[in-house]
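Okay, so here's the structure we're looking at.
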Amino acid sequence: MTRVSSKKLKTKTGKGIEHNLALLLTKFKTKEEQISFLGDFLSPSEKIMLSKRLAIIFMILQNYSFLQIAKTLKVSESTILRYWKELKQDKHKELKKILLAVKKDKGFLSDLEKILNFGMSPKYRIRRKWFDKVINK
């Protein structure tokens, strides 16, 4: 788990820092620049934490069970429930929009599916393929 300073920032200062980070992220023109920045800027545990959050939300949107998400990503079901509730409350609107749009990008989906399937048991992968065929008919 990443560590956050126990010293609180003033709300205005925190919002300003968040704004500047968001502005900075829009300045990278290529995927390589973005990857390089994130690789240099984030610690290994921050990368894992953010990647797991993204994967949890993606898997919820793909209708994976809480149990399968927990087993695959090594997270608690209470963590998954928190993100599920947030999605139901429309908290991650922009991310959800992007992930649903990305569903059409076969390269992104196949890469993510390969990564997620790597963490799944072979028995579940077979069941998931069968389920996907039934749903997509």
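The values are calculated or read from the model by the stated rules, or taken from the named source; none is laboratory data. In this text, all values refer to a predicted model and were calculated from it rather than measured experimentally. Cβ placement follows ideal geometry from the backbone for every residue including glycine, while neighbour counts extend to all protein chains displayed. All accessible areas refer to the heavy atoms of the entire protein, side chains included, with ligands and DNA or RNA removed. Shrake-Rupley method; radii C 1.70, N 1.55, O 1.52, S 1.80 Å.
Numbers below:
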quantity: Evaluation of LYS29 against (1) basic (Lys, Arg); (2) free of Cβ contacts under 8 Å to residues at least 24 places away in the same chain; (3) touching a helix residue (DSSP H, G or I) at 6+ places or on another chain (Cβ under 8 Å) (one fails), failing number; calculated: (3)
quantity: Qualifying residues in segment 71-81 (those that are farther than 13 Å from LEU54 by Cα and part of a helix (DSSP H, G or I)) - the one least open to solvent (accessible area, probe 1.4 Å); calculated: THR72
quantity: Residue among LEU112, LEU116, LEU100 that is open to solvent by 50 Å² or more (accessible area, probe 1.4 Å), modelled with pLDDT under 90 and either within 13 Å of the chain's Cα centre (by Cα) or β-branched (Val, Ile, Thr) (or both); calculated: LEU100
quantity: Residue satisfying all of: in segment 1-25; open to solvent by 100 Å² or more (accessible area, probe 1.4 Å) and not in a helix (DSSP H, G or I); nearest to VAL75 (Cα to Cα) among these; calculated: MET1
